[in-house]
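*Asks:* One structure is given below, represented as structure tokens, and several questions about it will come after.
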């Protein structure tokens, strides 16, 4: 059997994909790259105005996408989205768990409500979307790809976000556990650990710091001194790695976490 060409290896034509939090920032970049590679993408978000704009943008570029409103924390919504994706595109082959939140709060000030919200969205939601997608993949008998967005905080915790650190450490461990359990079903599960990626969410954090009377430049300086490549990452830096993990280039790679931080952890 002839080996596939590079173009064939990265061709996702006929694949159905889900991207949670796909309306903005990293999620939007992921949607655009998967669609460019030929996948049909279900954009999951709570902001339908933003999500529909991405659907329109994908269509203008010749791709195919739909948007669905869902609460990442809801088991019923996870099941509904997985089933809707199969119905819309014929199959569910790729899941990207991108949705997450990053509220800053010192450990001594973190409330039970905040802790639960972060863990529910970042970890519980990731698990149950994995479960819902895997059920469809197993039912179809074709395996699939699951890509979870962890963080460098999973292996290098930072201050004032212990709740976030815990959630992303959980995502890394979950990724390995599911990769081990689902390998016999042909489901490949990997994670990506972004470093500092500048998105609209990053800008919101900066505004929150200013509103709290803090100097957002101080937070930025902490990162700048540890950017060997001299810049923060861009959403497309993550999207291109997602495309790699979604492709046939990783037919023999599972349970890994690829760090995408511009060398941050080296310094």
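*Asks:* So which of 142, 163, 156 ends up being more than 16 Å from residue 92 (Cα to Cα), more than 14 Å from the chain's Cα centre (by Cα) and part of a loop (DSSP other than H, G, I, E, B)?
*Replies:* Details: 142 fails: more than 16 Å from residue 92 (Cα to Cα); 163 fails: part of a loop (DSSP other than H, G, I, E, B).
Exactly one of 142, 163, 156 is more than 16 Å from residue 92 (Cα to Cα), more than 14 Å from the chain's Cα centre (by Cα) and part of a loop (DSSP other than H, G, I, E, B), namely 156.
*Asks:* Continuing with this model, one more query. Which residue pairs have Cβ atoms closer than 8 Å, lie 6 or more positions apart in sequence or on different chains, and pair a first residue in region 74-95 that is in the same structural domain as residue 39 (by TED's automatic domain parsing) with a second residue that is part of a loop (DSSP other than H, G, I, E, B) and surrounded by fewer than 17 Cβ atoms within 10 Å (Cβ to Cβ)?
*Replies:* Every condition considered, the pairs that remain are 77/71; 90/14; 91/14; 91/142; 93/142.
*Asks:* Residue check, residue 177 against (1) over 26 Å from residue 267 (Cβ atoms); (2) in contact (Cβ under 8 Å) with a residue 24 or more places away in the chain, all met but one. Which one?
*Replies:* Unmet condition: (2).
*Asks:* Is region 53-62 home to any residue that is more than 17 Å from the chain's Cα centre (by Cα), in the same structural domain as residue 141 (by TED's automatic domain parsing) and under 20 Å from residue 133 (Cα atoms)?
*Replies:* No, region 53-62 contains no residue that is more than 17 Å from the chain's Cα centre (by Cα), in the same structural domain as residue 141 (by TED's automatic domain parsing) and under 20 Å from residue 133 (Cα atoms).
*Asks:* Out of region 182-195, which residues are surrounded by fewer than 20 Cβ atoms within 10 Å (Cβ to Cβ) and within 13 Å of residue 146 (Cα to Cα)?
*Replies:* 183, 185, 186, listed by residue number.
*Asks:* Only one of 201, 262, 170 is surrounded by 15 or more Cβ atoms within 10 Å (Cβ to Cβ), in a helix (DSSP H, G or I) and at pLDDT below 95; which?
*Replies:* Exactly one residue qualifies, and that residue is 201.
The values are calculated or read from the model by the stated rules, or taken from the named source; none is laboratory data. These numbers come from a predicted model, not from an experiment. As a convention, Cβ positions derive from the backbone with ideal geometry for all residues, glycine included, and neighbour counts pool all protein chains shown.
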